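What follows is a single structure, written as structure tokens, with notes after it.
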Amino acid sequence: FKSSTDTIDEAILNTIILGKLNKFSQANYDDTKQFMCQILDSGETDFLKEFMKLVFQKAASEEIFCPLYAKLLSELSTNYSFLLGEMVVLYREYMAIFSEVDESECGGYDEFVERTSQKKYRFGYSQFLAELVKYKVLDRDLLLETIRIIVQQIPKVAGNSCFMRVGEEYAECLAKIIGALIASTDESICAVCVVVKYEISTTIQPFTVKGPENKLSMKARFALLDVYNALQRK
């Protein structure tokens, strides 16, 4: 690597990083981490925003490696605290993709997804963010805010049959996040589960059963039922 006084072309740097992440696995975890540390130590942080976005997208689209990406960011942020700022920015961008359901825009699921390419990552983001919280990388209040936003949208999508597939996605995302948290034995995560239990149980329970005001699919209702039952056992 060049010294921090020299400039490395950002496009070239991102290409190198993408090449590394495309080959990322448990087998080369240590090598990839060392590589990233070398770049961060060099002072070349102009690429940081694109790098963080790339990691979020890779983690969201590669479910099998999602926990590994979370571990990588967790360990990197221990020595490079400035990564946390970028994580919070991306975290809030993620929350926004759950608060954009507009009942006046009922042109179908494909059109809905096309409005922002990020929305295709909802489910993957849900898993990734839950993993980040398990590693104590992200603040618990941000996670609670995300859960609240998702839950607030459920009555809206449940009341309109054209949002049936979106409703399934929201319910599955909520189930993914809650499932990851429930599996944790960490005291702080258990405390989050208790808060979530008392905040959302009564809200989602009516949408676990079929009814005239609930147009969610069976798949979505069952996902919400799983969330409700899991919280009651916690």
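The values are calculated or read from the model by the stated rules, or taken from the named source; none is laboratory data. Nothing here was measured: the structure is a model prediction, and the numbers come from that model. Reconstructed Cβ throughout: ideal geometry from the backbone, glycine too, with neighbour counts over all protein chains shown. Quick note on the areas: whole protein, heavy atoms, side chains included, nothing else; ligands and nucleic acids left out. Shrake-Rupley method; radii C 1.70, N 1.55, O 1.52, S 1.80 Å.
Quick notes on this one:
- Note, ³J(HN,Hα) from phi for the range 33-42, Karplus 6.51, -1.76, 1.60, rounded to Hz, x at Gly and Pro: 4, 4, 4, 5, 4, 4, 5, 5, 5, 6
- Note on residue 18 and residue 35: the extension gain reaches 4.9 nm, defined as 0.36 nm multiplied by sequence separation minus the Cα-Cα distance.
- Per-residue surface analysis assigns residue 213 an accessible area of about 140 Å², computed on protein heavy atoms at 1.4 Å probe radius.
- Per-residue packing, averaged as other Cβ atoms within 10 Å, sorts the ranges 132-139, 168-175 into the order 168-175, 132-139, beginning with the highest.
- From phi via Karplus (6.51, -1.76, 1.60), per-residue ³J(HN,Hα) for the range 87-93 in Hz, x at Gly/Pro: 5, 5, 4, 5, 4, 5, 4
- The slack between residue 25 and residue 219, meaning 0.36 nm per residue of separation minus the straight C-alpha distance, is 66.6 nm.
- Taking the inverse of the mean reciprocal distance over all distinct Cα pairs, the Kirkwood hydrodynamic radius of the range 15-77 comes to 11.8 Å.
- Reducing the range 149-188 and the range 14-89 to their Cα centroids gives an inter-centroid distance of 27 Å.
- In sequence order, calculated HN-Hα J values of the range 150-160 (Karplus, 6.51, -1.76, 1.60; Hz; x Gly/Pro): 4, 5, 5, 7, 4, x, 5, 6, 6, x, 9
- Here residue 78 and residue 184 are evaluated by their C-beta separation; at R0 = 22 Å the FRET efficiency comes out at 0.70.
- Those lysines that a straight Cα-Cα span of less than 18 Å connects to residue 136, excepting residues fewer than 8 apart in one chain: 71, 176
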